[in-house]
Amino acid sequence: MGTRKQPVNIVILGIENAGKTTLLRNISGMKFAETLTTIGLNVEMLKHKGFDFQAIDIGGQLHFRETMWQYYTTLAKGAIFVFDIFDRSKFTEAKKWFEYISHRLSKKAVLMFLANKIDLKDEDDTFLTTEEIINMFKLDDVFRYPERSFRIWETSAKTGENVDNAISWMFNKLVEYIKEETRISFVSILNQNNEIIYRTSVTKKNDEYETIIKKCIGQMNDLGANENMISIQDCSASIRKEKDFSVVVGAESNVSKDDLSIVTLSIAQIIKDDFYPPENFKEQLDEVVNIALLQQLNKK
């Protein structure tokens with residue numbers, strides 16, 4: 001695939017020896033291995049639903065917390081805070097730094113708290129329960145940011161227990177966030193017979209829109225036109241007609257028509273470059289749309 005795009009940044013933070021690097025190895029598909037304390041940072045590139053995610057594991061020693069955490073947290077669209085549920089001695093320090101990153105993240109960022117090392121529960125009963133963690137870290141206070149997605153998970157970075165569920169939750173929330181930031185309401189892709197082969201959502205309202213859109217595409221075909229911008233009730237829609245398929249991108253009327261046209265053209269170009277004919281790549285069309293939306297978001 002020749003499409004180039006900027007990654008979405010996620011930071012993995014926590015006091016030293018909480019299990020951050022083991023978590024990153026698990027996410028990136030590496031087998032478990034005993035890890036040394038991270039000196040500086042580790043970076044892995046991950047992929048989900050067409051988005052590239054750059055996961056940055058930053059050292060948990062005080063020096064790195066004071067010099068690197070703020071910079072990378074400010075740039076991140078998502079943050080994972082890892083806490084060793086057996087390390088009661090570091091609770092006060094961990095609480096202070098969890099609050100530190102909570103205040104510096106974007107108000108719309110995705111934040112996840114991982115209560116780590118649950119694989120050791122059968123060997124040692126001195127762990128902090130989830131209820132204790134919620135109370136001691138005052139995790140209820142995180143919801144003072146109503147636009148922020150937040151969740152706590154019990155995990156074992158070593159065995160992988162619950163890691164996939166937690167990471168999938170974060171990735172899906174980040175995809176939702178990116179789509180909301182671009183303010184695109186719907187995307188439809190039609191084949192040469194004017195049949196819908198992909199759409200981002202299925203609602204009665206969108207069905208009504210698509211009846212009008214199909215009629216417009218038919219008219220464009222008769223006129224030999226490749227581009228059109230139409231208004232449908234409270235929505236604007238950009239249409240790009242190619243030889244064997246059409247792309248339609250809709251948004252609220254206050255969204256820039258230039259932005260709509262750029263996203264529409266970008267989706268069409270990605271399909272022609274890497275996913276042609278689109279009816280043979282129906283499972284990948286989510287990826288196509290996400291790539292185009294992220295490209296547009298990165299330009300703003």
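Just so you know, all these numbers are worked out from the coordinates, no wet-lab data involved. On a predicted model such as this, the values are computed, not experimentally measured, just so you know. Neighbour counts are summed over all protein chains in view; Cβ atoms, including those assigned to glycine, are modelled from backbone coordinates with ideal geometry.
Structure summary
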read-out	value
Cα→Cβ-extended label distance, 7 Å offset, between Asp122 and Glu161, nm	0.8
Amide proton proximity set for Glu16, modelled H, under 5 Å, gap of 5+	Gly60, Gln61
Cα gyration tensor category, rounded, prolate or oblate, for the stretch 8-182 with a/c compared to 1.5	rounded
Fully extended contour minus Cα-Cα distance, from Lys96 to Thr211, at 0.36 nm per residue	35.9 nm
Cross-link table Lys179/Lys272; Lys138/Lys158; Lys77/Lys108; Lys77/Lys257, entries beyond 18 Å C-alpha to C-alpha	Lys179/Lys272; Lys138/Lys158; Lys77/Lys257
Placed amide H near Leu41: partners under 5 Å, 5+ positions off or other chain	Gly59
Crossing angle, helix 257-274 versus the chain [Cα axis fit, 0-90 degrees, rounded to tens]	80
Chymotrypsin sites (Phe, Trp or Tyr not before Pro) restricted to DSSP loop in the stretch 104-155 with at most 15 other C-beta within 10 Å	none
Selection from Asn221, Phe281, Ser261, by position along the positive dipole direction of the stretch 219-300 (Cβ)	Ser261
MRE, 222 nm, helices only [DSSP H, n ≥ 4, -39500 (n - 2.57), over the chain, to nearest 500]	-12000 deg cm²/dmol
Chain lengthening between Asp286 and Ser261 when straightened (0.36 nm per residue, less Cα-Cα)	7.1 nm
Listed values (1) 15.7; (2) 17.4; (3) 26.7, entry calculated as mean projected area of the Cα convex hull in nm²	(2)
Anchor Lys243: aspartates and glutamates whose Cα lies under 20 Å away (excluding residues fewer than 8 positions away in-chain)	Glu195, Glu210, Asp222, Glu227, Asp273, Asp274, Glu279
Degrees between helix 285-299 axis and first principal axis of the chain (Cα, 0 to 90, nearest 10)	80
Charge dipole magnitude, Cβ of K and R +1, D and E -1 - the chain, Cα centre, debye nearest 20	820
Angle in degrees between helix 91-104 and the longest Cα principal axis of the chain, rounded to the nearest 10	30
Three-way shape call for the stretch 188-263 based on the alpha-carbon gyration tensor, with the a/c threshold at 1.5	oblate
